[in-house]
Protein chains: 2
Amino acid sequence: MDESAPTTQSGVPARITDVARLAGVSTATVSRVLAKPDQVAPRTRARVQEAVARLGYVPNPAARTLRSQKTRMVLVVVPDLENVFFSRILRGIEETLAAAGHGMIIADLDPASPRMEELAAFARRQVDGVILLNGRRLGTEAEGVPTIALCETIPGVSFPQIAVDNRASARRVVAHLASLGHRRIAYLAGPEGNVLEVERAAGYREGLAAAGLAFDPALVWPGDYTLASGVAAAGRLLADGARPTAVFASSDVMAIGLVGALQEAGLDVPGDVSVAGFDDIEFAAMSRPALTTIRQPRRDLGRAAAEALLARLAGRTPPALSLLETELVVRASTGPVGPRAR
Amino acid sequence: MDESAPTTQSGVPARITDVARLAGVSTATVSRVLAKPDQVAPRTRARVQEAVARLGYVPNPAARTLRSQKTRMVLVVVPDLENVFFSRILRGIEETLAAAGHGMIIADLDPASPRMEELAAFARRQVDGVILLNGRRLGTEAEGVPTIALCETIPGVSFPQIAVDNRASARRVVAHLASLGHRRIAYLAGPEGNVLEVERAAGYREGLAAAGLAFDPALVWPGDYTLASGVAAAGRLLADGARPTAVFASSDVMAIGLVGALQEAGLDVPGDVSVAGFDDIEFAAMSRPALTTIRQPRRDLGRAAAEALLARLAGRTPPALSLLETELVVRASTGPVGPRAR
DNA sequence: CATCGCCGTGTAATCGATTACAGCGAGGTT
DNA sequence: AACCTCGCTGTAATCGATTACACGGCGATG
């Protein structure tokens, strides 16, 4: 009764040798039961499984990693953890990874940070895979590590990319505005050179063309996805002799800044000007008027990236590029060309 | 020239034996140079350090963990990654941990989730410490693991807690409103039983008393920190015969919902009703009118928690409870009792 | 000049799992 | 009856670092 049999009660976690002793087998057999159960005789397997259950045995991750070179951890690199946009994506990633027994390590890193190199060294050792959300590859150290790019695609790389069709989505916004009768539609741009911006800007032009509207460079206003640039755009609009009747802001944050500034100047949205955004962040629905925008399936984006990575880790080859569906969410900030504007 | 000396170029990371061979010493010495340099003779130390640099040697974390039982990882448990409130806190934690060579693993977990038990097992093996943001302790499995509670304090535990003085902050909001001449100040509460709510509600009552105002239970409205409960509160206000002239909402999200609904009903904020919030989330400054609120030093909260944990890991004993300073941020949503209200 | 102590270093056990290889017994084949 | 195969299990090497212990050499001490 008082064998040296270890118990669940004991403070120290059970090791594989404890399980082996209790089940009367070797450690190799225990390991096999856990890894490839069908290679073990049913009776033995049952004995081992019972011992595992009795002791609450969980393999030591460090030992397992050392031997197998698998960490069961994934590194997620975000450019700005404070940006609301990422939180739901992270949740999608986390839930998917957790279900597959993988942990998520987050690095919050400006793409320009020198830590990108340092992180590469970390990645090679400490994780099985990487999900990049900041549009930049890690340093050369991380060459061999399975990687996925999410949202901000990275040109010229060989690993899978997951994103939305920014161009088509932008087209859809313009089509929506045009269908409301708007003929002068301005575009509030994102930071120059950014992949997302390039695509959305292209979609804007295509949208105009599809609606039979002329492209007017004077109606493209600079912005950088920040609130301040939205506010600045309002000044531009007010100063404009031939005001646009609608503005497509390439991010919700800018759209919200713009709307607020317009309201302060005494304009009515959408009575005087319609405004549409992009992203559908939480506050898009909460602001007044509620913002018409493009909903990105953020949680699904996260899930898809995690799944693609898991597939790669399992030896499969996910598609080089997969685009998820967006949705035009029409709320109160866009409406027919108003009487005053007409 | 073509010794078997390993080079930086080679794809495989250098091991300690490679360094030892290059420096002409044993692995024990290499390890010592890295861990306790002053126990090694200067000449030897220099040789080893050069070899380390030449090979770009970084100790294998798995091997190190296996032997030393230290993972250099910290688990952070958040109740809801989607909640804007946490992102900046996470950033504060991450930057502090990273500086100390620790990684951050995030678990996104509803406090009621059964995964809390499972996570405890994970915590015991995979991390050196835990930071809890969800007001719940992990399962019994995680007993020995150094832990810190952040923001939502946990009663009756022995580990250090970091938070703000919710009660004093709430008092300050009420004092601010009272100083503007308000005498009927309503309180929009948080979820019943929540630690934060209990404290803020107490602060509200104390604030009334300090201003010589009577406490009226009818002016305490139920809420749960969500937008919807803010909107619902607006209905209550409008239906009230003796309307309050100011409302203290115990979260910014509720305050924003309330303001929006009031505006839709044709009321002016702060002309007809002043509204103050709590937290100072990003959108508090962006909403119209910009919200008067209590700023929680979120980044500092994260930093402080990480530092306290690092201290514990280093064998020191951080204070059982430390409260960080908040700040009353007066913006446009509160003002003197308006002519209409008077 | 023998002895002691200390400093610096090396040897080897150890952390806990995975897995190649070998061994062994039962059943099938000729 | 001798031999082969196949299925199951055990032995032991291995992953890469840390560290207790031992040992050699040297200056200080009596």
Centroid-to-centroid separation of region B:167-187 and region A:182-236 [C-alpha atoms, Å]: 44 Å
Relative packing of peptides A:66-76, B:252-262 - highest average C-beta neighbours within 10 Å first: B:252-262, A:66-76
Quotient of C-alpha Rg and 2.2 N^0.38 Å, computed over region B:16-59: 0.95
Rounded to the nearest 20 debye, dipole of the protein assembly as shown from Cβ charges on Lys, Arg, Asp, Glu: 1460 debye
Calculated label separations, B:Asp110, copies of the chain, 7 Å along the beta-carbon direction, nm: 3.9
Rg over Rh, two decimals, the protein assembly as shown (C-alpha only, Kirkwood Rh): 1.03
Degrees separating the helix A:252-264 axis from the principal Cα axis of chain A, which is the longest one: 40 degrees
Using alpha-carbon coordinates, inclination of helix B:84-99 to the longest axis of chain B, degrees: 30 degrees
Convex hull per residue volume in Å³, alpha carbons only, for region B:76-128: 63 Å³
Inter-label distance for A:Ala242 and A:Asp80, nm, one decimal - labels placed 7 Å from Cα along Cα-to-Cβ: 3.4 nm
Additional length obtainable on full extension of the chain from A:Ser68 to A:Arg316, 0.36 nm per residue less Cα span: 87.4 nm
Computed [θ] at 222 nm, deg cm²/dmol, chain A (DSSP H ≥ 4; -39,500 (n - 2.57); rounded to nearest 500): -13000 deg cm²/dmol
Within a Gaussian network of chain B (alpha carbon springs, distance under 10 Å), most fluctuating of B:Gly271, B:Gly190, B:Gly241: B:Gly241
Among A:Gly212, A:Gly139, A:Gly230, residue whose mean-square fluctuation peaks in a GNM of chain A (springs only between Cα atoms under 10 Å): A:Gly212
Distances in nm from B:Glu143 to the matching label points in the other copies, shortest first (labels 7 Å along Cα to Cβ): 5.0
Cα gyration tensor category, rounded, prolate or oblate, for chain A with a/c compared to 1.5: prolate
Assigned charges on the beta-carbon of Lys, Arg, Asp, Glu; chain A dipole about Cα centre (debye): 1120 debye
Label distances, nm, A:Arg183 versus same residue in remaining copies, Cβ-directed 7 Å point: 6.0
Region B:111-155: GluC sites (Glu not before Pro) in DSSP loop, at most 13 other beta carbons within 10 Å: B:Glu143
Neighbourhood charge, 9 Å Cβ-Cβ cut-off, centred on B:Tyr57 and excluding it, Lys, Arg +1 and Asp, Glu -1: +1
Reachable lysines from B:Lys36, criterion Cα separation under 19 angstrom, eight or more residues apart if same chain: B:Lys70
Point-to-point label distance, A:Asp216-B:Ala209, nm (Cα→Cβ direction, 7 Å offset): 6.5 nm
Positive dipole terminus of the protein assembly as shown, leading residue within A:Leu109, A:Ala98, B:Ala246 (C-beta point charges): A:Ala98
Positive-end residue of A:Leu301, A:Phe86, B:Gly129, charge dipole of the protein assembly as shown with Cβ unit charges: B:Gly129
For region A:166-297, Kirkwood radius (reciprocal of mean inverse C-alpha pair distance, Å): 14.1 Å
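Quick note: the coordinates plus some simple rules give every number you see, no bench work behind them. Here the structure is a predicted model, which means the values were calculated and not measured. So basically every Cβ, Gly included, is an ideal-geometry build from the backbone, and we count neighbours across all protein chains shown.
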